[in-house]
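Working notes for the structure below.
The values are calculated or read from the model by the stated rules, or taken from the named source; none is laboratory data. Predicted model only: the values in this text are computed from it and were never measured. With ideal geometry, Cβ positions are generated from the backbone for all residues, glycine too; neighbour counts draw on all protein chains shown. To get the accessible areas, we keep the full protein, side chains included, count just its heavy atoms, and leave off ligands, DNA and RNA. Shrake-Rupley method; radii C 1.70, N 1.55, O 1.52, S 1.80 Å.
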Amino acid sequence: MAHFEKANSLNEWLDQRLGVNTLQRVLAKEYWIPKDINFLWAMGMVLAITFGILLISGIFLLMYYQPNVDLAFDSVNYTIMQEVGFGWMWRHVHAVAASVVFLIIYIHMFTGIYYGSYKKGRELIWISGMLLFVAFSAEAFSGYMLPWGQMSYWAGMVITNLFSMGSLEFNGLVEWIRGDYVPAQAFLDRFFMLHVLLIPVAIMALIGLHFGALRLPHVNNQNGEEIDFEEEAAKYKSGNKAASKVIAFANDFMSKDMFVVAVYLVFFFYLVFWNFEFAMDPVNFDPANGLVTPAHIYPEWYFLWSYEILRPFDKNIGLIAFAFAQVIFILLPFLDRSPNTVPANRRGLFKYWFWAMLLDMIVLTAMGKLPPQGIFSTIGYVAALVFIGLWLILPIITKLEKKL
Amino acid sequence: MNQTRRGFMGKAFGAVAGVGAVGALYAMKRSWDPLPSVKAAGFTTIDISACAENKLIVEKWRGKPIFVLRKTAEMVAKQDEAETARDVIVDGNHYLIAIGLCTHLGCIPAYREAKTDFKCACHGGEFDSSGINTKAPPPSPLVIPPFKINGTTLVLGESGPEYTKMKEAGIVA
Ligand code: HEM
Ligand code: FES
């Protein structure tokens with residue numbers, strides 16, 4: 001038995017048993033954040049808060065949702081929307097958060113790309129971040145199945161068919177994933193399980209990894225400056241806060257972070273109460289019907305860019321291009337061969353690469369929403385080729401980059 | 001080789017855990033398999049004698065839509081050999097019988113009577129009235145399900161001689 005002194009306060013009591021003071025020091029009071037950052041560095045916190053909102057609204061939806069092909073549609077569109085007190089609110093909160101979270105993820109990703117925050121010890125932050133993106137995509141897709149409307153059914157059909165791997169004709173694999181020849185009861189039940197348990201647990205574990213991977217390299221800053229954290233922390237602790245290049249995570253930096261969160265939440269709830277339609281596809285207000293395809297099948301806006309990379313090609317090439325688009329971002333730290341960790345605008349050709357990539361993804365997104373005809377098909381095709389081309393030239397242009 | 005007791009216990013644990021993991025994975029895989037009741041979804045009989053010409057009928061088999069299209073004499077006269085080879089002929093009438101799911105990613109193509117072809121709204125694929133793909137992205141013709149002709153009815157899910165012949169000629173999928 002270890003020796004314990006009598007504690008004089010609750011804090012001391014907890015510290016003896018859990019080491020709360022050590023934890024607080026390592027994770028907050030002496031977790032140093034550079035001063036030279038801007039509001040874009042609050043996006044991580046905005047994401048964490050949005051995930052919390054998804055979790056809470058999801059818990060309330062879960063109390064009335066029925067994972068049954070005959071009941072699911074009405075349990076959402078009648079019970080939750082009309083009968084449950086404030087049920088409509090949880091649903092709109094959940095739908096808007098699920099859509100907005102991707103907007104923030106894209107901003108967060110492109111911030112990381114712009115400032116080079118994926119290299120020199122930050123590779124694992126980037127990789128865990130991309131795994132979070134994959135997990136969020138799976139979470140969004142599985143959630144989209146649950147209301148069992150027309151878009152749920154047909155998105156489920158089309159996406160699970162991707163696993164037949166084109167001409168390899170892995171139809172057995174597709175049926176195995178569905179638990180049936182077509183999306184039906186077994187399919188709804190298992191995607192329900194994934195949506196409410198397995199994927200959320202994976203997301204929480206990945207967020208833990210993401211934060212853990214941040215602790216030692218610390219966050220980057222607006223100039224990519226390599227900071228001597230020990231030295232700057234010493235200045236800060238000695239009271240010379242003005243001269244120090246860093247501040248403590250809590251409470252100093254947190255207060256700024258939470259200010260941005262507050263601004264975001266005002267915008268978020270404005271969307272929830274007055275402009276939620278963008279997050280609710282009207283086609284999904286028709287119950288699932290395996291014998292009628294909707295006139296246009298398109299995914300939610302955040303999947304459009306990768307869908308557009310699939311669409312203009314032959315089946316097999318389209319699948320390969322799509323798989324390429326899904327995994328390529330994760331390799332960014334290794335495809336960028338330049339040693340410079342500075343904002344893109346000081347990095348020669350990479351500057352143009354960054355803006356070309358951002359613009360190309362916006363074009364792909366826009367074309368993915370339009371019907372696959374005439375000039376739109378052509379623009380989409382070109383944009384898909386540009387996407388692939390940009391990734392192919394990335395190692396070359398970054399290799400040529402002058403060391404700063 | 002390290003023969004300490006700890007080394008032995010470590011290996012013993014590894015062996016037990018390995019066997020357990022393989023067993024657990026197999027059980028998990030089997031739990032995701034389609035249920036026997038789903039697998040035995042069986043056979044659907046459809047009467048095709050009442051179909052009107054150039055009007056698409058959609059039946060259902062194993063949860064999938066089945067296209068039944070009775071062709072007009074004019075359509076039959078215009079088709080080439082490859083197209084005719086896919087026709088199911090009952091009482092002298094030519095029919096298209098196919099699973100109504102686009103071979104690209106599984107949407108249901110719509111029949112355009114005026115053009116006597118199918119258009120898939122999802123990614124713009126097209127098929128002719130014999131189910132042969134005429135515009136990408138679909139890579140192959142609509143799939144012909146196993147069928148058996150029984151007078152003027154078709155039994156889907158059972159392979160009759162006509163189906164077997166098509167299958168041998170490699171034109172069902
Ligand atoms: C919902 C999921 C996510 C959450 C909750 C999250 C949270 C955070 C937080 C709190 C930070 C520190 C503050 C900041 O710099 O913003 C951070 C940093 C970072 N995240 Fe994420 N993140 C998520 C997804 C992603 C994704 C998809 C990527 C892209 C691959 C990514 C890449 C990064 C990078 C590179 C940093 C370091 C930024 C720097 O050092 O300046 N994260 N994340
Ligand atoms: S599913 Fe028909 S063209 Fe893609």
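Number of residues in region A:60-87 that are in contact with an Asp or Glu (Cβ under 6 Å, 6 or more places away or on another chain) and among the β-branched types (Val, Ile, Thr) equals 0. Filtering region B:103-145 to residues that are within 12 Å of ligand 2 (Cβ to nearest atom), among the hydrophobic types (A, V, I, L, M, F, W, C) and open to solvent by less than 30 Å² (accessible area, probe 1.4 Å) leaves B:105, B:107, B:108, B:118, B:120, B:122, B:127, B:142.
Considering only residues in region A:289-298 that are open to solvent by less than 30 Å² (accessible area, probe 1.4 Å) and not β-branched (Val, Ile, Thr), the one that is nearest to the other protein chains (Cβ to nearest Cβ) turns out to be A:290. Note on region A:343-378: residues that are more than 20 Å from residue A:332 (Cα to Cα) and either within 14 Å of chain B (Cβ to nearest Cβ) or among the polar types (S, T, N, Q) (or both) amount to 13.
Would you check if there is a residue in region B:16-35 being β-branched (Val, Ile, Thr), without any contact (Cβ under 8 Å) to a residue 12 or more places away in the chain and open to solvent by less than 40 Å² (accessible area, probe 1.4 Å)? No, every residue in region B:16-35 fails to be β-branched (Val, Ile, Thr), without any contact (Cβ under 8 Å) to a residue 12 or more places away in the chain and open to solvent by less than 40 Å² (accessible area, probe 1.4 Å). Filtered by the rule that a residue be open to solvent by less than 80 Å² (accessible area, probe 1.4 Å) and modelled with pLDDT of 80 or more, region B:163-173 gives B:163, B:164, B:166. If you go through region A:203-237 and pick out every residue that is over 18 Å from the mean Cα position of the chain (by Cα) and part of a helix (DSSP H, G or I), you end up with 10.
Does region B:81-95 contain at least one residue that is of a type in the set (A, V, I, L, M, F, W, C), buried (at least 24 other Cβ atoms within 10 Å of the Cβ) and either without any contact (Cβ under 8 Å) to a residue 60 or more places away in the chain or away from ligand 1 (no atom under 16 Å from the Cβ) (or both)?
Taking every residue of region B:81-95 in turn, none turns out to be of a type in the set (A, V, I, L, M, F, W, C), buried (at least 24 other Cβ atoms within 10 Å of the Cβ) and either without any contact (Cβ under 8 Å) to a residue 60 or more places away in the chain or away from ligand 1 (no atom under 16 Å from the Cβ) (or both).
Among residues of region B:104-128 that are within 14 Å of residue A:296 (Cβ to Cβ), those with a Cβ under 8 angstrom from a residue that is among the aliphatic types (A, V, I, L, M) and within 6 Å of ligand 2 (Cβ to nearest atom), sequence gap 6+ or separate chain, pair up as B:122/B:105; B:123/B:105.
Among helices (runs of 4 or more DSSP H) entirely within region A:1-92, having at least 3 residues that are in the same structural domain as residue A:129 (by TED's automatic domain parsing) and buried (at least 17 other Cβ atoms within 10 Å of the Cβ) singles out A:43-62. Does region A:185-202 include one or more residues that are in a helix (DSSP H, G or I) and either near ligand 1 (Cβ under 10 Å from one of its atoms) or more than 22 Å from residue A:62 (Cα to Cα) (or both)? No, region A:185-202 contains no residue that is in a helix (DSSP H, G or I) and either near ligand 1 (Cβ under 10 Å from one of its atoms) or more than 22 Å from residue A:62 (Cα to Cα) (or both).
For residue B:100, state whether it is surrounded by fewer than 18 Cβ atoms within 10 Å (Cβ to Cβ) and out of contact with any helix residue (DSSP H, G or I) (no Cβ under 6 Å at 6 or more places or on another chain).
Answer is no for this residue.
Quick one: is residue A:320 open to solvent by 10 Å² or more (accessible area, probe 1.4 Å) and outside the structural domain of residue A:36 (by TED's automatic domain parsing)? Judged against the criteria, residue A:320 is a match.
Residues in region B:54-70 that are within 14 Å of chain A (Cβ to nearest Cβ) and not in a strand (DSSP E or B): B:62, B:63. Consider region A:134-164 and keep the residues that are farther than 26 Å from residue A:285 by Cα and within 12 Å of another protein chain (Cβ to nearest Cβ). The one that is least open to solvent (accessible area, probe 1.4 Å) is A:164. Taking the conditions exactly as written (over 20 Å from residue B:123 (Cβ atoms), basic (Lys, Arg) and under 25 Å from the mean Cα position of the chain (by Cα)), does residue A:399 satisfy them or not? The answer is no for residue A:399. Would you mind stating whether residue A:103 is surrounded by fewer than 20 Cβ atoms within 10 Å (Cβ to Cβ) and aliphatic (A, V, I, L, M)? Against the criterion (surrounded by fewer than 20 Cβ atoms within 10 Å (Cβ to Cβ) and aliphatic (A, V, I, L, M)), residue A:103 qualifies.
Please verify whether residue A:328 is of a type in the set (Val, Ile, Thr), away from ligand 1 (no atom under 16 Å from the Cβ) and either surrounded by fewer than 18 Cβ atoms within 10 Å (Cβ to Cβ) or within 24 Å of the chain's Cα centre (by Cα) (or both), treating the condition exactly as stated. Judged against the criteria, residue A:328 is not a match.
Against the list (1) surrounded by 19 or more Cβ atoms within 10 Å (Cβ to Cβ); (2) β-branched (Val, Ile, Thr); (3) part of a loop (DSSP other than H, G, I, E, B), the condition residue A:309 fails is (3). Select from region A:331-352 the residues that are among the basic types (Lys, Arg) and open to solvent by 40 Å² or more (accessible area, probe 1.4 Å) and write down the one among them that is farthest from the chain's Cα centre (by Cα). For region A:331-352, the residue satisfying everything is A:346.
Can you name every residue in region A:260-282 that is surrounded by fewer than 17 Cβ atoms within 10 Å (Cβ to Cβ) and in contact (Cβ under 8 Å) with a residue 40 or more places away in the chain? Within region A:260-282, A:265, A:273, A:278, A:280 meet the criteria.
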